[in-house]
1. Has the range A:5-14 got at least one residue that is of a type in the set (D, E, K, R) and within 12 Å of another protein chain (Cβ to nearest Cβ)?
2. In the range A:256-283, what count of residues is obtained for those that are within 32 Å of the chain's Cα centre (by Cα) and of a type in the set (Asp, Glu)?
3. From the set of residues in the range B:31-60 that are in contact with a Ser or Thr (Cβ under 8 Å, 6 or more places away or on another chain) and surrounded by fewer than 19 Cβ atoms within 10 Å (Cβ to Cβ), which is farthest from the other protein chains (Cβ to nearest Cβ)?
4. Sort through B:Val52, B:Val66, B:Val80, B:Val33 and tell me the only one that's among the aliphatic types (A, V, I, L, M), at pLDDT below 90 and under 19 Å from the mean Cα position of the chain (by Cα).
5. Mind checking which residues of the range A:38-58 are open to solvent by 10 Å² or more (accessible area, probe 1.4 Å), under 26 Å from the mean Cα position of the chain (by Cα) and within 14 Å of chain B (Cβ to nearest Cβ)?
6. Which of the residues belonging to the range A:96-124 are farther than 30 Å from A:Trp339 by Cβ, among the charged types (D, E, K, R) and either surrounded by 13 or more Cβ atoms within 10 Å (Cβ to Cβ) or modelled with pLDDT of 90 or more (or both)?
7. Restrict the check to the range A:301-320 and report whether at least one residue is within 30 Å of A:Ile431 (Cα to Cα), open to solvent by less than 10 Å² (accessible area, probe 1.4 Å) and outside any strand (DSSP E or B).
8. Pick out the one residue from A:Ala243, A:Ala250, A:Ala226, A:Ala254 that is in a helix (DSSP H, G or I), open to solvent by less than 30 Å² (accessible area, probe 1.4 Å), within 14 Å of chain B (Cβ to nearest Cβ) and modelled with pLDDT of 95 or more.
Amino acid sequence: MNKIRTELLLCGGTGCHSTGSIKVRDALKNELDKQGLGKEIKIVETGCNGFCAVGPVMLVQPEGIFYQKLAEKDVPELVEEHFLKGRPVKRLFYKESASKEMIPQMHDIPFFAHQELRTMRNKGIIDPEVIDDYIARDGYFGAAKALTEMTPQQIIEEMKISGLRGRGGAGFPTGMKWDFASKSPGNVKYVLCNADEGDPGAFMDRSILEADPHAVLEGMIIAAKAINATKGYIYARTEYPLAIKRLEIAIAQAKEYGFLGDDILGTGFSFDIEIYQGAGAFVCGEETALMRSIEGKRGMPRPRPPFPAHKGLWEKPTILNNVETLANVAQIILKGGKWYSSIGTETSKGTKVFAISGDVNNIGLVEVPMGTPLRTLIYDVGGGIPDKKKFKAVQLGGPSGGCIPEYLLDTLVDYEEIAKVGAIMGSGGVIVMDESTCMVDMARFFMDFIQDESCGKCTPCREGTKRLLELLEKICDGRGELEDIDILEELSVTIKEASLCGLGQTAPNPVLSTLRYFKDEYYAHIIDKKCPAKRCVALLKFEVDPDKCKKCGLCFKACPTEAIVWKKKEVAYINKEKCVECLTCFSKCKFDAIN
Amino acid sequence: MAKLSIQDLKKIKENAAKGISLRQEQGRIKVTVHMGTCGIAAGAREVMSTLVEEIAQADRQDIQVVASSCMGMCSSEPNVTVQVEAEEPIIYQKMTANKMRQVFKRHILLGEVQTDFALAKM
């Protein structure tokens with residue numbers, strides 16, 4: 001007999017784990033037992049709720065009250081006041097960053113209010129380690145329908161009607177990809193799931209796996225039926241231990257219930273899934289490199305064609321779909337392709353999950369309909385820029401993407417529209433940058449990353465990105481010459497055209513897009529030998545401007561090496577011998593007084 | 001475990017859906033037990049436990065139980081407010097486990113307001 005009156009949905013994603021949700025969970029359990037509430041109030045550890053910036057977070061249901069930044073020491077008060085006496089604890093409510101207004105109910109918080117949950121419909125509601133929770137939310141009914149009522153061709157048609165495109169970045173129509181693989185001759189075929197998320201600032205695939213692993217398995221089962229595959233692999237990077245653990249649990253449960261293995265649901269169809277752990281190489285997200293890696297070889301791409309739909313893993317017809325793509329499949333089959341395509345734009349249907357990070361108030365994971373303006377995403381959902389600083393640019397699509405300046409913020413979230421302004425949808429990493437970001441330094445950061453991650457197989461990528469990095473370092477160091485800009489542009493175009501795989505073909509994008517919108521910053525570095533955002537150490541003097549200094553001493557308090565000399569009511573002074581040029585004083589000074 | 005059929009899957013869903021019903025929908029009926037210090041001292045905890053047991057026995061997922069603080073009528077505690085959708089909320093006073101059972105069976109399940117125990121309409 002279920003005597004539970006209240007459920008506490010405590011976030012157990014990687015983000016909240018790292019801010020202490022496990023300790024909060026244990027303390028809650030103890031305290032509830034102590035107050036005699038253990039039998040009527042249940043703690044449910046869910047996957048990532050999405051609002052990572054204010055974690056650990058907890059939702060009290062059915063009241064809908066949302067608590068943020070919980071700590072172990074808050075628990076006794078919380079249990080006594082709210083759960084025993086019915087007085088919710090106001091100081092733990094969410095506070096709007098701009099108005100400081102307290103918002104008790106989760107659905108009133110702007111971060112959640114603008115979202116439309118489809119891919120992440122189960123996040124924060126189900127316990128990802130309990131298969132029955134997933135089934136309660138229509139789980140495995142899509143697979144059951146596909147296996148018992150539909151032919152492979154009907155499944156593919158439904159996927160085509162839905163308009164779902166690959167959420168890993170390139171946006172290839174999913175139904176068409178499956179169609180190619182299903183028509184390829186062969187008895188042995190494979191379904192692969194790409195969980196090798198490597199973009200800096202992207203964590204949506206990890207969160208989906210942690211919050212709703214069965215949705216990904218179900219998507220793979222349906223894909224397997226569509227192309228008649230018998231074996232599937234999930235390629236997950238080993239840096240995602242919690243996601244892998246939950247996937248392992250999910251696979252074991254699905255096998256026990258008979259959703260995986262031989263003769264699924266008595267239909268005669270057999271399919272099995274195995275996890276393959278990758279070592280976390282960016283290039284292994286590229287489909288041909290990923291397949292090589294599963295084969296046990298070094299993860300390097302090969303030329304296409306032949307495309308994997310004809311010759312993929314072990315030369316057999318193979319489809320590779322991203323985690324987010326697969327998480328949508330079961331619902332499309334259950335509710336129909338028309339239902340899915342009812343929202344979105346002409347060419348981009350459904351919703352997209354974004355990981356918002358950087359200089360923005362609400363860091364976290366959000367799902368919005370395609371066609372939402374970037375401005376809404378950053379200001380309404382993301383809550384705008386902290387510390388009253390000005391917005392400078394938003395980086396979309398990771399190292400393969402580009403940055404978008406403020407005057408283009410009304411661009412809609414749509415594969416084509418975003419490509420028009422020089423970025424890509426990518427896997428959905430959104431890095432917001434305020435005025436203190438140096439765009440040349442930003443391009444240098446991404447090029448450094450690409451340079452590390454290039455597999456080295458083809459010369460344009462291996463050597464070209466190294467030369468790009470050297471040029472950018474030269475400019476950041478104040479040794480830049482005007483002709484460097486021309487070389488950067490020319491080299492970028494060559495790398496794009498001559499590289500073998502997507503990594504190299506998109507590697508120069510951070511350089512090209514910063515040159516397109518922020519060329520004046522390159523000029524400032526080269527001609528004036530100045531870094532407008534005060535980020536490039538070699539171009540800074542580390543001197544205090546006595547006119548601008550308000551004698552507040554913030555720089556003095558922040559300096560880790562005691563290099564700043566300051567007394568009350570006196571202008572600060574920087575001792576160059578002790579200074580390690582760490583930039584702490586620059587970030588702390590509110591008056592722009594350090595040069 | 002034997003292979004599941006679609007019928008089995010439907011059965012699992014029915015049972016599991018009960019288990020997570022609190023997480024997704026607001027109940028059609030909301031029962032508030034006023035649990036200020038005065039309420040607890042007067043026996044509100046026992047009333048609450050009885051209510052939760054009755055709901056479990058009746059196997060109803062559309063009834064939401066909320067603890068709230070003192071209403072200000074400490075002399076009439078334990079107080080319980082029953083709010084059926086689209087009807088006026090009724091406040092009951094000086095509740096006990098037995099009275100709670102009666103209110104649950106007659107008012108909440110059958111819709112007959114138990115005026116004898118009522119303090120006020122809200």
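1. Looking only at the range A:5-14, we keep the residues that are of a type in the set (D, E, K, R), and these are A:5, A:7.
With within 12 Å of another protein chain (Cβ to nearest Cβ) added as a condition, the list becomes A:5, A:7.
Looking through the range A:5-14, at least one residue is of a type in the set (D, E, K, R) and within 12 Å of another protein chain (Cβ to nearest Cβ).
2. Residues meeting the conditions: 3.
3. B:Gly43
4. Just a single option satisfies the conditions, and that option is B:Val66.
5. A:Glu45, A:Asn49
6. Of the range A:96-124, the ones farther than 30 Å from A:Trp339 by Cβ are A:96-104.
Filter again for among the charged types (D, E, K, R), leaving A:96, A:100-101.
Matches in the range A:96-124: A:Glu96 only.
7. Yes, the range A:301-320 contains a residue that is within 30 Å of A:Ile431 (Cα to Cα), open to solvent by less than 10 Å² (accessible area, probe 1.4 Å) and outside any strand (DSSP E or B).
8. Details: A:Ala243 fails: within 14 Å of chain B (Cβ to nearest Cβ); A:Ala250 fails: within 14 Å of chain B (Cβ to nearest Cβ); A:Ala226 fails: within 14 Å of chain B (Cβ to nearest Cβ).
One residue alone meets the criteria, A:Ala254.
The values are calculated or read from the model by the stated rules, or taken from the named source; none is laboratory data. Owing to the predicted nature of the structure, the values given are computational and were not obtained by experimental measurement. Note: ideal-geometry Cβ built from the backbone for every residue, glycine included; neighbour counts use all protein chains shown. In case anyone asks, the SASA skips ligands and DNA or RNA and just uses the protein heavy atoms, side chains included. Shrake-Rupley method; radii C 1.70, N 1.55, O 1.52, S 1.80 Å.
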